[in-house]
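Just below is one structure, and these are the notes that go with it.
The values are calculated or read from the model by the stated rules, or taken from the named source; none is laboratory data. Remember, it's a predicted structure, so these values are computed and weren't measured experimentally. Here Cβ is always computed from backbone atoms with ideal geometry, including for glycine, and neighbour counts include all displayed protein chains.
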Amino acid sequence: MATDARSDDTVMKILDVLDKEAILVDLKAKDKIGILNELVAPTARITGIDPNDMVRVLMERERLGSTGIGDGIGIPHGKLKNLERLVLGFGLSRKGVDFESIDGRPTHLFFLLITPEHATDLHLKLLARISRMLKKDSLKEMLMKAGSAEEVIAVIGGEDDDF
């Protein structure tokens, strides 16, 4: 479950920070801003941070370039000044949405990462870990079929040690 930021020499696993309450397996939104609002809702409740502040930070990052990395994957991320610990969420859009992905294809799998403003190393390490894990087609297929937060946790847990 979610924990405080760790020292740089500690290997952080995705399941160390992915909160079960922030796993959404049936996103309904049909556009980027809708997806971000949906993904942010549980993390805002968990952290007590205003969801509008989270969405604003994410959209500022999106203006620099889409976090839709292609192959059906989006990793919206940003840093927030008042955040005490990083938050990680997961969302699945079964129909897929236009997330302005680099390959122009619909995005289905989303990992939302928001870190404290001062946690740049942690932010980059977790982004890299998520990206490496999502290169496995079998993992993406299993995540696409997940019907519950528990199934998402089981799928990620089966792969998290390998990275």
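Give the residues of the stretch 98-121 that are surrounded by fewer than 21 Cβ atoms within 10 Å (Cβ to Cβ) and either in contact (Cβ under 8 Å) with a residue 40 or more places away in the chain or of a type in the set (Val, Ile, Thr) (or both), sorted by residue number.
Listed by number, the residues that qualify are Asp98, Glu100, Ile102, Pro116, Ala119, Thr120, Asp121.
For the stretch 38-52, enumerate the residues that are surrounded by fewer than 17 Cβ atoms within 10 Å (Cβ to Cβ) and assigned to a helix (DSSP H, G or I).
Narrowing the stretch 38-52 to residues surrounded by fewer than 17 Cβ atoms within 10 Å (Cβ to Cβ): 41, 45-46, 48, 50, 52.
Once the filter is applied, which keeps residues that are surrounded by fewer than 17 Cβ atoms within 10 Å (Cβ to Cβ) and assigned to a helix (DSSP H, G or I), the stretch 38-52 yields Ala41, Arg45, Ile46, Asn52.
Going by what's in this entry, would Ser93 be described as crowded, with 19+ Cβ neighbours inside 10 Å, hydroxyl-bearing (Ser, Thr, Tyr) and touching a residue at least 60 places away in the same chain (Cβ under 8 Å)? Walk me through it before giving the result.
On the way: crowded, with 19+ Cβ neighbours inside 10 Å: yes; hydroxyl-bearing (Ser, Thr, Tyr): yes; touching a residue at least 60 places away in the same chain (Cβ under 8 Å): yes.
Yes; evaluated as a whole, the condition is true for this residue.
So is Phe110 touching a Pro at 6+ places or on another chain (Cβ under 7 Å), within 19 Å of Gly72 (Cα to Cα) and among the aromatic types (Phe, Trp, Tyr) or not? Break it down into steps so the answer makes sense when it comes.
Numbers: touching a Pro at 6+ places or on another chain (Cβ under 7 Å): yes; within 19 Å of Gly72 (Cα to Cα): yes; among the aromatic types (Phe, Trp, Tyr): yes.
Yes.
If you go through the stretch 3-19 one residue at a time, how many are touching a helix residue (DSSP H, G or I) at 6+ places or on another chain (Cβ under 6 Å) and either in a helix (DSSP H, G or I) or modelled with pLDDT of 95 or more (or both)?
Qualifying residue count, the stretch 3-19: 2.
Is it the case that Arg45 is out of contact with any Leu (no Cβ under 6 Å at 6 or more places or on another chain), of a type outside the set (A, V, I, L, M), over 20 Å from Leu126 (Cα atoms) and without any contact (Cβ under 8 Å) to a residue 12 or more places away in the chain?
Numbers: out of contact with any Leu (no Cβ under 6 Å at 6 or more places or on another chain): yes; of a type outside the set (A, V, I, L, M): yes; over 20 Å from Leu126 (Cα atoms): yes; without any contact (Cβ under 8 Å) to a residue 12 or more places away in the chain: no.
Against the criterion (out of contact with any Leu (no Cβ under 6 Å at 6 or more places or on another chain), of a type outside the set (A, V, I, L, M), over 20 Å from Leu126 (Cα atoms) and without any contact (Cβ under 8 Å) to a residue 12 or more places away in the chain), Arg45 does not qualify.
State whether one or more residues within the stretch 144-163 are under 28 Å from Arg61 (Cα atoms) and either in contact with a Pro (Cβ under 6 Å, 6 or more places away or on another chain) or without any contact (Cβ under 8 Å) to a residue 12 or more places away in the chain (or both).
no
Evaluate the following for Gly68: is it touching an Asp or Glu at 6+ places or on another chain (Cβ under 6 Å) and within 22 Å of Leu18 (Cα to Cα)?
Values: touching an Asp or Glu at 6+ places or on another chain (Cβ under 6 Å): yes; within 22 Å of Leu18 (Cα to Cα): yes.
Against the criterion (touching an Asp or Glu at 6+ places or on another chain (Cβ under 6 Å) and within 22 Å of Leu18 (Cα to Cα)), Gly68 qualifies.
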